[in-house]
Structures are given as C-alpha cells and as structure tokens.
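The values are calculated or read from the model by the stated rules, or taken from the named source; none is laboratory data. What you see is a predicted model; the values in this text were computed from it and never measured. Glycine also receives a Cβ, built like all others from the backbone with ideal geometry; neighbour counts cover every protein chain displayed. To get the accessible areas, we keep the full protein, side chains included, count just its heavy atoms, and leave off ligands, DNA and RNA. Shrake-Rupley method; radii C 1.70, N 1.55, O 1.52, S 1.80 Å.
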Amino acid sequence: MQDTEALREAIVSMRRDIDHLRMENLHAHLLLATQDAALGVHDSDAFGPVFAALMPAFDCSSILVLLEQDAEHSMLRCMASNCPELTGLTWQAGPLLQKVLAGRTISTVADAQANHWPAQPHGKLSPTQPALYLPLTVQGCRGMMMLTRRSDEPGFDRGHVELARKLSRRSSHLFAARQTKLSEADSRRLRELNDKLQSSHEALHFRATHDQLTGLPNRTHVQELVTAMIARQQSGQTLALAFINLDEFKLTNELHGNVAGDALLRAVASRVQSQIRQADIFGRIGADEFVVALDAAGQRPDVTVVMDRIRAQLRQPLSIQDTQILPSASIGVAIYPSHGTDYETLRRHADLAMQHAKATVKGSVVLFTKDLGRQAHERLTLEQHLREAVAAGEFCCALQRKVDIRTSAITGFEALARWVEAQGSVRMPGEFLPLACKLHLLDDIALQVVDDLARHLPQLDARFGNTVRYSLNISPDQAVDSGFMTRLVQHLPAGQAQRFIFEITEESLADTGVLEAHLLPMLREAGVRISIDDFGAGYSSLSTLAALTVDELKIDRSLIQCINERPRNQVILRAIESLGTALGLAIVAEGIETEQERNFLLQSTAITIGQGYLFHKPQLLRDLVCNEGQTQVVCRA
Ligand code: C2E
Ligand code: MG
Ligand code: MG
C-alpha cells in the first residue's frame, strides 16, 4: 500500500516533472518562435510574425501592442495588432495599466466595470473579455502587450501568466536587440546605399557635365564655369575667352574615318591642356569646337602669345593608325569686359572672330573687334530679311540682251536675279547670292526667277519673237544637284526647253565626270543648251573644255575690259577663240562697255555676239515688257 502510495506519489511527481518539462518545452518553443519572429526581417510588419507565434500558445483571440505616447497625460496608443482595425486606438493608462507600465504582468477576468479599456470604445473590445497584460519596451518606449480572449472563454491561468512574464522580459530584450541590430544593419545598408547613390550621383553629374570623348567640361558646364569665373573677377581684371575650331575636321573624318577624328579631338584636348593653367577653363562645346577661358588674363603674358602657343601646339603633326594628320585650328578671342560681360556674349564674339579667321587666314588667331560685331549684326539682319523675302516671293527676273556686236540686233537674253524689296528698292545678286547660297535658299530664288520669266514669256514673244533664246545662270552647287536640275527643267515653260541655255561657270567644271555622266545627258535630252560662263576668269584649262560637249562659251568681262590696250589678254582671247571655233562653240564676249572694246573685237576677232553696258544694261522684266519701243531681233540658228 505504502509502495502503492509511494508509487502514486512518484507517478504524480513524474507527471509534474513531465508537465513541467512539457511546459518548459512549450516555453522554449514559444520563446524561440517569438525570438525568430522578432529577429525576422519583416520590416513592414515587425509584430505580425510575433503575433502569429503567440496566438496558439496563449490561445487568445487578439493581441495588441500598446505604447506610451504621451507620458505626461498617461496616454497609450495601439501601435500594432493582429486585428488591424484596432491599431490607432488610444487608452487612458489608469492605475492597472500604470502597474503594467511599471513592469508587472497582470491577468484580468471579465469585468463589465473595468476601467482599463480603450478611451474610444471599439466593438471588437469589451470589458467582458479576459485580458493578459505584459510589459514591453519597444524602441525605448514603455508599453505593453495585451492579449484578450473572447468573453465566453475562461481567463488566463497561472501558467500563461508565468509564460507571459518570461516572454515580457525576453520580448523587450528581443525588440531592443532587434532594434539595435536593425538600426546597425539599417545604417550599414543606408550607408552603403548612400555611398552608392553618392557615387552614381557623381558619375551621373560627371556624365551630365562632361564630354565623354575627351573628359572635358561640356557646353552647359563650360557656361557655368565661365559664369562663375566672371563673377569672381574683381574690377580692373580682364578675362580672355577663346573659341577654337578645327579646320577641315569634317574632311579628316571623311578621309581617315571617325576613329581618327576621335583621336584628333582627344589630341586637341591634351595639347591645349598642356598650354593652360589649372585655374583656366577648357571645355568642348561642339563637335570640333572648344572654349578656353584664361583666368585674370591681364596679369599674364599677352593673351595672343598664349593663343599662338596653343595654335602652334595644335599644328604639330599627329600620327594616327599609320597616317599622319596635319591639324590646324582657327581661333577667335574675346576679352571680358570690353567685348562682353557674360559668357554668352563673350562666346558669340569669340565665335565671330574665329569665323573671321576661317574666312581670311585659316589656322590664325583673330581678336574680336567692334567692327566684326557690326558686320555680323548686319549679316544676321540680312539673313533674316533674305529668308522672309524668299518666303514672300520677292525675287524676280531682269533681262540683259545679247546682241550682234556689228548691228546691235538682239540674239538672246540673259536672265539675272533681282531682289525687289517690299518698299521697291532693287538689290543686285552680289548682295544676296553668296548668303543665299550659304543658307541654301538659292534654289528657291532660281525657281522664282524662272517662274517670273515663264509668266512673262508670251508678252516677251509678242515683242521679240518666239525664237529668241534665254540664258539662265546655274550655280556650281546646283549644276551637280541632279534633283534640282530636274526640277528646274520641269519649271521651264511647257514645250520651250530648247529655247533655254544654262550658263554654268568654270567652277562647275571641276568635276567634268559628274557633268558628262548625269547633267549634260539629261539637259541634252530636254533640248536645253549649255554655256560656259565667265570663261577665262577661273582655273579651268582649255583641255577641260575640250573634254565637255557644250554649246557656248562666254568670255569673262575681265578679259574683255580694255582688250584693245592689253596685248597679253589679246593673245589669251585669240587662243580661246580658236579653241571655241575648233570645238564648234558659239562665242560671246561679256561686259563690253566701250566702243574701243567693240571695235577691237570686230576688227581683230571673229566674235560676233556680245553683251554689255555699251548695248544694254539689264532691265527688270516687268519694265521691259511694258516698254513698247521698236526692237530689231536677230535669231541665232
Ligand atoms: P554673270 O552671269 O556673268 O552675269 C553678268 C553680270 O555682268 C551681270 O551682273 C550683269 O549685270 C553684269 N554686266 C553685264 N554687262 C556689263 C558691263 O558692261 N559692265 C559691267 N561692269 N557689268 C556688266 P549681275 O546681274 O550683278 O549678276 C552678277 C552675277 O550673279 C552673274 O554674273 C551671275 O553669275 C550671278 N547671277 C545672277 N542671276 C543669277 C541667278 O539667277 N542664278 C545664279 N545662280 N546666279 C545668278
Ligand atoms: Mg551669266
Ligand atoms: Mg558672266
């Protein structure tokens, strides 16, 4: 019996131990799960996994984390809950909750009078629910975890309270550890992220402000740097801004390829860099355009000396891929403050000076002057004016007669472009053709001239007969542009192409292959004749002429001028005449101004057709068709 009693006691004791062990085991499990959850990296919801671990262990329906929000007024706020709608609720920490805050774990049973419930009642929470409060410190903030069961469930037992007590201590440590750990990890991550951001920001900034090829500051950055440099200038100090442009860079690219072009640009960068000081600014602002700003230019050797050194450096031969390139650059310089007090004005003026260098002596250094500025301003105004005039169709045709120099009878007309401005003034080709050519407006102008002529052709025919031929001037660019030439032929009055002669200059003969292969066959087929204009003024040799099948040769005015007094010109004229005759060409002498010139041609040459002020000056077509005077017309066969 005693044995039986002893055995029973032993068994009870064993059971207690086993229960204890089981409880310990449960605690261990729970604590481990909580610890894992707390140390997890669920940043967005740090409590979620903790709640998930606690719910089954405590057999509770809701868990809330209340943290002290306002210690002075004893206010607690629900920071997290497994029921999201409970977050944000506030509690007035009455005596019971104050005890919890002070570190005690407290279990309460259903109590309709309880005064430890939220300040704002909430349907999900009611004083009739059993609750377990365990103190908690989160991020150094006092608070508690509140676990509740449904109203019809029993209160939490001692085991749960015991467990809650342990959990309370562990959880606070865990949260603290997690916070420290997190903040360390976070700050390390943040630091890394920051470093990355910083370096990518720097890389991005560098990319945005520097040229990739040369590593030099780019256009926008140069502007910022020079603007800052100008702002630093003290009164009396000067600053020089140079605009460097490579000569024939396009050609280098075309001849030697882009790799060579890139190498040249890099060489320019390092060569210029070697000639300037640390405080100076040097950047690439365009494909082959560089800007140098010399700091406090007045306190250093003459700017032109520095520029000459740069120029000389740039002219050094450069070997790229077994090819030797002989680079050169034109440089324009503007000085602050006399040529401008801001970057843009200085750059523009230095650019103008550079353009002047290019137009006069390529590869030279030119200092900006007010005169250059004025000329540029006039050019710009004219450019604008010219564009507007082309758009408004202000170009028309003037005609100068070609005559038989013996009888003065008309053999044909040369059409010459005239710009009749809105207010009535007439501008000559010399004033607008070069610019029109540069602005690619010449084709439009030529078509306006032809249209004017075509429009008036019936009246001209009525007056001069319908067998008279008309000559049109074709620029060298146009002569090799088969698209334009086709358009021009299409603009000629229908069925009248054989009455037209296209005058091309000696310059157009540079590429006789293109002419013979494309232009001449097309024109011949249309019936248009070809004349070589201004012959003897250019460089084409007589043999070049022999290689082409043209119809007429117009001898330049420079050869005809005072021909009676110039034996050397007389020899050249006779040589041209005999070649032209041998080739079966009609020969026209241009610019006959005096009786002496005409008499020489009549007596010493067989030239019969001439053009010049001696006979007639060009006349605006509209004036010509209004003039009803008597005219003798001779038609060429
Ligand atoms: P060009 O084709 O040699 O035309 C003859 C130029 O010499 C005309 O000048 C004419 O007015 C001028 N001239 C004629 N006889 C005399 C003379 O006895 N003495 C002097 N000093 N000059 C004389 P313009 O009209 O000023 O034209 C100049 C040049 O402009 C033309 O030279 C021609 O190359 C070009 N041009 C005129 N109209 C056009 C056009 O519609 N298209 C193209 N591409 N060029 C044109
Ligand atoms: Mg002409
Ligand atoms: Mg001419």
Here P(r) for the stretch 219-368, Cα-Cα distances in 10 Å bins, as whole percents, is 12, 44, 32, 10, 2, 0
With every protein chain in place, the accessible area of Ser107 for a 1.4 Å probe, in Å² rounded to the nearest 10, comes to 50
Per residue convex hull volume, Cα only, the stretch 417-550, in Å³ is 126
The local net charge around Arg347, scoring Lys/Arg +1 and Asp/Glu -1 for residues other than Arg347 whose Cβ lies under 12 Å from its Cβ, equals -2
Of 490-496, 263-269, ordering from highest average Cβ density within 10 Å down gives 263-269, 490-496
Applying the gyration tensor rule to the Cα atoms of the stretch 200-253 (axes a ≥ b ≥ c; rounded if a/c under 1.5, else prolate if a/b exceeds b/c, else oblate), the class is oblate
At R0 = 56 Å the Cβ-Cβ FRET efficiency linking Ile572 and Val259, nearest 0.05, sits at 0.70
Descending accessible area (1.4 Å probe), largest on the left, turns Lys358, Lys370, Lys124 into Lys370, Lys124, Lys358
Distance in Å, no decimals, from the C-alpha centre of the stretch 401-463 to the one of the stretch 247-309 is 46
With R₀ set to 45 angstrom, the calculated FRET efficiency between the beta-carbons of Ala454 and His385, to the nearest 0.05, is 0.95
With a 1.4 angstrom probe the carbon and sulfur portion of accessible area for the stretch 394-624, in percent, totals 52
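Taking the Cβ of Leu89 as the centre, find all other residues whose Cβ is under 13 Å away and add up their charges (Lys, Arg: +1; Asp, Glu: -1).
Working: positive: Arg77, Lys124; negative: Glu85.
For residues surrounding Leu89, the net value is +1.
Expressed in nm to one decimal, what extension gain is obtained for the pair Arg309 and His122 from 0.36 nm per residue of sequence separation less their Cα-Cα distance? Display every interim value, and only then the final one.
Numbers: separation 187, 0.36 × 187 = 67.32 nm, distance 8.67 nm.
Result: 58.6 nm gained on full extension.
With the Cα gyration tensor of the stretch 461-527 giving a ≥ b ≥ c as the square roots of its eigenvalues, does the rule (a/c under 1.5 for rounded; else a/b larger than b/c for prolate; else oblate) give rounded, prolate or oblate?
Because a/c hits 1.5 or more and a/b exceeds b/c, the stretch 461-527 counts as prolate.
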At 20 °C in a medium of viscosity 1.002 mPa s, the stretch 540-607 has a Stokes-Einstein diffusion coefficient, with Rh taken as the Kirkwood radius over alpha carbon pairs, in µm² per second, of 175
